[in-house]
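The values are calculated or read from the model by the stated rules, or taken from the named source; none is laboratory data. All values reported here derive from a predicted model rather than from experimental measurement. Here Cβ is always computed from backbone atoms with ideal geometry, including for glycine, and neighbour counts include all displayed protein chains.
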Amino acid sequence: MGLDFAVVPEYLDRLLLGSAWTIGITLAAAALSFFGGILFAVIALYAPAVIRWPFKTFAWLFMGTPLLLQLFLIYFGLIQIGIDLPAVVAGIIGLGLHFAVYNSDIIQAGIRAVDKGQYEAGRTLGLSQAQTIRKIIVPQAVRAVVPPIGNNMIALLKDSALVSVIGVTELTLSSQLAISKTFRPFEFYLAAAACYYVINLALEAGLHRIERRIQVAR
Amino acid sequence: MDFDLILRVFPYFLQAAVVTIELSVYSTAFGLICGALGTYARLSRHKLLRAVGTAYVSVIRGTPALIQLFILYFGGPQIGIQLDAFEAGVIGLGVNIGAYMTETMRGAIVAVDKGQTEAARTLGLSRSQAMRKVVLPQAARLMIRPLGVNINAQIKGTALVAAISVVELTYTAQRYIGSTYKPFEMFLLAGALYMVIIYVVGLGITFLDGKVALR
């Protein structure tokens, strides 16, 4: 069976719809992983030991195991405890949590790098500990770690393909559906790869702009 | 927590862990070869070769590993490449991690002080001699830890081949989640085995890194 790319345009609308889902899932999970990462970093550094240690165990478990395995845990685990979420929500939560743990690691380093005098000055000016962390430490820490977090977002975009395995109709599963009708895997997976590549370029350009803007603001 | 069940399925998970280890070893070895070739191409003086290296890194790092695996395994037969799932896993994952290793290796080589090459060239060594005898031995030291990070990612990355039905750890966990409805237990069991593999490999990397450290 030779190659015949002429079948691809017929399914273009589905690939584009799938791309839109991929972009949406990526953005939602990226937001979750960003704010979750900040929250986790603050917990890991400032929370009392009773909260810190269970959290650290969870983070350690999530860094040492594959994302695909975690997606199965979240999707089927939530069903087991009676929470029947749509696959797309489970996918966003899984991706978001996975990358939140990685982001948290980076943000922790960023927080440690913020000058101690900033914390002391905040407290001296009458801010509470929570206020100092929220308004003085975290904003400075996050600005410093935007590039590595951006790399995680790019990794997240590519890993979003994994949610196809739990049945989310994003770009990968859309191309699989087209393949099940046409029996042309090479053409459609290549088309999907091209879509990912374009989205990836756009994401990189967007991240680059954010980085530049932050550099100017500093 | 159903410990009875965990004990009962443990042998199957252990067998699956062996497959995961095999996949990791073969695909990492293949990845190192791809990485070395990619680095050679990217640092080459030939424009065309350099462009090929750049395209390899950009395309592979710009698209999901899962899609690459699917193109190879499901699309391969259309262009005359017939592989079983395990072979496709090794080659697909190897080509994928090779692109990341290319950047690691190139980064380490570029990080070696330029003066070293200049000094070697001044002493009459040819370009390739300077690279082989002066730059590479120093770069090798710088590579080990970041390559360890790549390998760590690769071990977890082998989970992807579950999607093409290779019976490794994640596939086994998925199957038992389906048949026992105990996702948490299965996750912990598979997770623990992944952690053991990653821990042992981490020890190996640290040992290697210590061996070549400058004293």
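Restricting segment B:1-59 to residues that are aromatic (Phe, Trp, Tyr) and touching a helix residue (DSSP H, G or I) at 6+ places or on another chain (Cβ under 8 Å), the residue that is nearest to B:Gly89 (Cα to Cα) is B:Tyr26. If the condition is being part of a helix (DSSP H, G or I) and hydrophobic (A, V, I, L, M, F, W, C), then segment A:1-25 contributes A:Phe5, A:Ala6, A:Val7, A:Leu12, A:Leu15, A:Leu16, A:Leu17, A:Ala20, A:Trp21, A:Ile23, A:Ile25. Restricting A:Ile214, A:Ile199 to those that are touching a residue at least 60 places away in the same chain (Cβ under 8 Å), part of a helix (DSSP H, G or I), more than 29 Å from A:Gly2 (Cα to Cα) and not hydroxyl-bearing (Ser, Thr, Tyr) reduces the list to A:Ile214. Once segment B:62-82 is narrowed to residues that are more than 8 Å from every other protein chain (Cβ to nearest Cβ) and without any contact (Cβ under 8 Å) to a residue 60 or more places away in the chain, the residue that is farthest from the chain's Cα centre (by Cα) is B:Gly80.
For A:Tyr46, indicate whether it is aromatic (Phe, Trp, Tyr), over 19 Å from the mean Cα position of the chain (by Cα) and farther than 23 Å from A:His98 by Cα. No.
Only one of B:Gly75, B:Gly92, B:Gly107, B:Gly115 is among the small types (Gly, Ala, Ser), assigned to a helix (DSSP H, G or I) and modelled with pLDDT of 95 or more. Can you tell me which? Of B:Gly75, B:Gly92, B:Gly107, B:Gly115, the one residue that is among the small types (Gly, Ala, Ser), assigned to a helix (DSSP H, G or I) and modelled with pLDDT of 95 or more is B:Gly92. All conditions but one from (1) farther than 30 Å from B:Leu169 by Cβ; (2) in contact with a Ser or Thr (Cβ under 8 Å, 6 or more places away or on another chain); (3) without any contact (Cβ under 8 Å) to a residue 24 or more places away in the chain; (4) not polar (S, T, N, Q) apply to B:Ile109; the one that does not is (3).
In the list A:Leu61, A:Leu45, which residue meets the criterion of being in contact (Cβ under 8 Å) with a residue 12 or more places away in the chain and aliphatic (A, V, I, L, M)? After ruling out the rest, the residue left standing is A:Leu45. Taking every residue in segment A:1-24 that is modelled with pLDDT under 90 and pairing it with any residue that is assigned to a loop (DSSP other than H, G, I, E, B) and not acidic (Asp, Glu), at least 6 positions away or on another chain, the pairs with Cβ-Cβ distances below 7 Å are A:Asp4/A:Arg184; A:Val7/A:Arg184.
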